[in-house]
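The values are calculated or read from the model by the stated rules, or taken from the named source; none is laboratory data. Everything numeric here is computed off the predicted structure, so don't read it as measured data. Note: ideal-geometry Cβ built from the backbone for every residue, glycine included; neighbour counts use all protein chains shown.
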Amino acid sequence: MKRGGPVLAVDGPAAAGKGTLAKRLAAELNLPYLDTGLLYRAVGRLVLDAGQDPAAPAEDFARRLTAEDTQRKDLRTQEVARAASLVAAQPGVRSALVDTQRRFAQARGGVLDGRDIGTAIFPDADVKLFITASPATRALRRFLQLGEDPAADDAKARLAEMEAALKARDAADAGREAAPMQVADDAVVIETDTLGADDVLAEALRVVRERLGARVA
Ligand code: CDP
């Protein structure tokens, strides 16, 4: 079925700045925005709340997911990220969430960020971006985002711990059989180690306008 607007896929590894970029792109282009990671985080959260092992089948939680579940304030922890990655490896969980993601963009198009948007959810996306940075850069971003204190005595150890957790999650996300994180053939890769948020947005907008021309504002 024809969609009511362009779809922009923003994929990449943990803490690469996908969310910041995707949100700003959506505002700039007046398109709806969906953080698909929140769907998996919400499933992970429900599984943890139920006292269940996140590696155990979680499809039922994904089928019953509500909008309120995805709006909870306690989805951004490392524990939930780990649980999200474990439930996200399950084909049953992923297929339960496919329609929600596709329907989201049906009426007006949209900007969606995640791991498999350009490869599995919208292989026909109008623009595909893959946002990445070195593990050290990403660990520092997540460290600051979580409000950790860089001057604390254990800051170095905490950073190293965070980097190890990100790498483990990336390896799981890229290595799983069900819709693994990978760069789509037709994606534009943006390396953000030396770029600030404004630079990343400018580069992304350049790509979008080159691809879509008059179809976007
Ligand atoms: O914010 P961050 O980049 O750390 O993670 P996220 O985007 O919130 O995603 C959390 C986890 O959900 C990821 O590690 C993936 O395992 C999973 N995920 C996925 O499998 N597919 C997506 N489209 C989005 C997230």
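Things to note:
- Checking each residue in the stretch 20-36 for being within 15 Å of the ligand (Cβ to nearest atom), assigned to a helix (DSSP H, G or I) and surrounded by 19 or more Cβ atoms within 10 Å (Cβ to Cβ) picks out Leu21, Ala22.
- Extreme residue, nearest to Leu29 (Cα to Cα), among residues of the stretch 90-99 that are assigned to a helix (DSSP H, G or I) and touching a residue at least 40 places away in the same chain (Cβ under 8 Å): Leu97
- Subset of the stretch 1-19 (residues that are part of a strand (DSSP E or B) and within 12 Å of the ligand (Cβ to nearest atom)): Ala9, Val10, Asp11
Residues are listed down the side, and each one gets a yes or a no for (1) under 25 Å from Ala172 (Cα atoms); (2) without any contact (Cβ under 8 Å) to a residue 12 or more places away in the chain:
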position	(1), (2)
Gly4	no, no
Glu28	no, no
Thr36	yes, no
Ala50	yes, yes
Ala56	yes, yes
Asp60	yes, yes
Asp69	yes, no
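- Among the residues of the stretch 159-206, those identified as over 22 Å from Asp126 (Cα atoms) and touching a Phe, Trp or Tyr at 6+ places or on another chain (Cβ under 7 Å) are Leu159, Met162.
- Among (1) modelled with pLDDT of 95 or more; (2) surrounded by fewer than 17 Cβ atoms within 10 Å (Cβ to Cβ); (3) outside any helix (DSSP H, G or I); (4) more than 14 Å from the ligand (Cβ to nearest atom), the one test that Asp74 misses: (4)
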